[in-house]
Amino acid sequence: MIPETAEVVIIGGGIIGTSVAYHLTETRDIDVCLLERKSLTCGTTWHAAGLVGEVRASANLTRLARYTTELYEKLETTGNPIGYRRVGAVTLAATQGRAIELKRQAAMARNNSVDCRWLTTNDLADRWPHLYLGDIEGGIYMPRDGQTNPVDTTQALARLAKASGARVLENVEVLDIHTEHGRITRVATDQGEIRCNQVLLAAGLWSRDLALRAGARVPLYPSEHFYVVSEPIDIPDGSPIVRDPDHGIYLKPDAGRLLVGCFEKVAKPLDPKSLPVDFAFDELPFDLDHFTPYLEHAVKRIPALNDTGIRTWFNGPESFTPDGRYILGETPEIGGLFVAAGFNSIGIQSAGGVGRVMAQWIVQGHAPMDLWEVDVKRFLPFHNDPGFLVPRTAESLGLLYDMHWPYRQYASARGQRRSPIHDLLAANGACFGELAGWERANWYDLPGSEPRYQYSFERQNWFEASAGEHRAVRETAALFDQTSFAKYEVVGPDACRFLNRLSTANIDMPDGRVIYCQWLNERAGIEADITITRIAKDRYWVISAAPCQTRDLAWMARHRPGFDVEILDFTESVAVFSIMGPQARERLQRLTQADLSQSHFPFATSSIIEVAGAEVRATRLTYVGALGWELYVANRHARDVYRALVVAPIQHAGYHALDSLRIEKAYRHWGHDITDEDTPVEAGLSFTADWNKPDGFIGRDALERQKRQGVVKRLALFKLDDPDALLFRDEPIWRDGQPVGYLRSGAYGHTVGAALGFGYVTADEPLTGRSLLASQYAIEVAERRIPAQISLRALFDPSNATVDPKAHC
């Protein structure tokens, strides 16, 4: 019998849904009802391989995976047998590039309290002689990795949740999710309706369709996923799980047999409508031709398999996401509708951590840690289109085991969003990367070269080309296409009051002024890093980063009630060209009658000028530490304006150069250097806060409290002593011989002649600038600690002489 009401309804009785139910009841006394259309685990949980690893692609996701292992061990040892065992795991490197990747991963893991060791080929052979290692460079060993029985684990979580008051109901099909005024009101089932305020979608591959019925987007798509299980095989007891990513396979010894699974380079997306409506504990037809190359790799790696039969040939559906990261959080379209789905075949090893953070998110109303990389708000409408999802799924499954090169670009489903001058940039040698669907010029080829990436962990083939673009900005001038900016107009009688409530700065400023600031949450974490331009008394422009478009709009919509404003998204209709460098004024002045002199057009101002017969909004700002203007032009005039800008030859510059320029100037990047769990005080951005403006701003009290008490983490810029080494992100920071944090971002500073990285130094006591600067530092890169210098200021032009001469004077 279903209840009439519940506080939280969970849809889906797999390991994710039951984990969230368990953690909700552990968090507080809460009325939870979990609905499963058939039987618990019947979707994809029942056929999972049961691997439980601690190391993931980033520091925060590794923290979640580590908690999962701790939870499973706790269950196993407290009267809830789930078949969990720590058997260890080894990931092999068959190439030098993979060896570097694994060494970097091991350093990140150790920095997050995971036991992870690099082993040479001899070490591996001594420990596990049953492995063929003739083509292997070495590997990393995780002795705490394990395996569990997915069905028993799910049942244990459900049993414990029920014991704490949750209702777990099987054979109840959800038909629809109803909303009013953009919020959840009730769930309709085949047995009646349940009134509720919050719903969690944890329905695996069915989550996308259920979300669509409610008016929300959850971009995931199923793919066929293959494995086989051998007959009893002669390998040593206690053999670890083996991952061989260069050959796309994983090998799990279990009960005297061997499970062989694969992540193939070109996967087989599955139309969810092709599945029977009563699909439960079912399998898909096995494609032997598709799987055979991977089975052959497995036989080579474990020769004993050659003399062993295959007992089980399995193919089942699993859901995958466009970027290979799972989907968590409250949907931006529907208040109270949460999602935890799209686990890309790592649901078992993620379930514990995800259950805990989703329970906290539902109860507290915000993520308990920085989870932007898996937040549902990272997606845009095109991500949910099958025309995009199908080809991307065919690629993204294989990318789980493919090389994770720095700057790696997707090959499939490209061209979703393009600047109006895309073809003109291509004709000038642009090599495009993709971000938030935008095709963006990352670099421009040199004569005799080809605009195509050649990946490595060393200096990639675009390094010198980008260095030339960088130098042009410092020495002459260069032109950037920054059309991908997210752009919003806030208009109405309460526009000023509304934005002042959100913003750290006082935006009640004269028309034509521009200000840089942040939007904070109540905990003073940075929700957005933006510029605001006052266009008129009741009209403002807000400019943000491309990936933040859905997030920003959701943040404004959340705080809009009570304010008479309209929020317009004009991202797609206006192009942006930036001309930057010491010659920027001279070059732009040739094209306009407007006075661009310092006295008439100072820094942080914006006005309408005419270029090539078109009305252009010119805004004097910079993200590269140079004199320059951002030019906002309607798409219909963009090509004419661009052609005028390049009549006199000018260096084109891409986003790799922009990144190297901004890090020399110590400009922060939201999503890496600053997130919703970092504050302006910690990030060195408290200068943006107007502490005394009327009515304050969201997060001011928490920020003031932190300013009084001091901080135990502080963002700093690091410069490597070795001019040839490179930094990307997640490299551990060592302070006086102790690990104290990791880098959030990295790039090569061509002006200063060394790799630079932003990272937070953490401590047990409040940090001061003096104490930070008095210490010795090193950055760990692929098992090597490289001495580094710390700075709390920009390494290029800290006095802003090149950006704002008046301020310098």
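Treating cross-link reach as a plain straight distance, find the lysines whose alpha-carbon is under 28 Å from the alpha-carbon of residue 537, omitting any fewer than eight places away in the same chain. Once the sequence-local lysines are set aside, what remains near residue 537 is 487, 693, 806. When the helices of the chain are scored as -39500 (n - 2.57) per DSSP H run of n ≥ 4 and the total is divided over every residue, the value at 222 nm lands at -7500 deg cm²/dmol. Between the beta carbons of residue 281 and residue 464, assuming R0 = 60 Å, the FRET efficiency works out to 0.60 to the nearest 0.05. Over the chain, Cα pairs under 8 Å with separation of 6+ residues give a relative contact order of 11 percent.
Bridgeable aspartates and glutamates around residue 265 (alpha carbons under 17 Å apart, same-chain partners fewer than 8 residues away excluded): 224, 244, 246, 287, 289, 296, 318, 323, 395, 402.
Average accessible surface for the chain: 38 Å² per residue, computed with a 1.4 Å probe over protein heavy atoms with every protein chain in place.
Comparing Cα centroids, region 651-703 and region 1-45 end up 39 angstrom apart.
If you take the Cα centroid of region 722-763 and the Cα centroid of region 55-120, the two points sit 23 Å apart.
As a length-normalised measure over Cα pairs under 8 Å and 6 or more apart, the relative contact order of region 564-656 settles at 30 percent. What aspartates and glutamates does residue 38 reach when the alpha-carbon gap must be under 14 Å and sequence neighbours fewer than 8 apart in one chain are set aside? Correct list for residue 38: 170, 173, 190, 278, 282. Its residue count N fixes a reference of 2.2 N^0.38 Å for region 282-432, and the Cα radius of gyration divided by that reference is 1.35. Averaging Cα coordinates gives a centre for region 146-191 and one for region 373-421; these two points are 30 Å apart.
Of all accessible surface on the chain at a 1.4 Å probe, what whole percent is carbon and sulfur? Provide the component values of the computation, followed by the final result.
Numbers: 14580 of 30560 Å².
Reported share for carbon and sulfur atoms: 48 percent.
Note on residue 372: accessible area is roughly 40 Å² with a 1.4 Å probe, heavy atoms of protein only.
The amide H of residue 431, built 1.01 Å from its N in the peptide plane, has 442, 443, 444, 445 as neighbours under 5 Å, considering only residues 5 or more places off or on other chains.
Given the alternatives (1) 45; (2) 48; (3) 62, percent of Cα pairs over 36 Å apart as computed for this entry is given by (2).
The values are calculated or read from the model by the stated rules, or taken from the named source; none is laboratory data. The structure presented is a predicted model; accordingly, all values stated were derived computationally and were not measured. Methodologically, a virtual Cβ is constructed for each residue, glycine included, from the backbone with ideal geometry; neighbour enumeration extends over all protein chains shown. Side chains included, ligands, DNA and RNA excluded: accessible areas come from the protein's heavy atoms. Shrake-Rupley method; radii C 1.70, N 1.55, O 1.52, S 1.80 Å.
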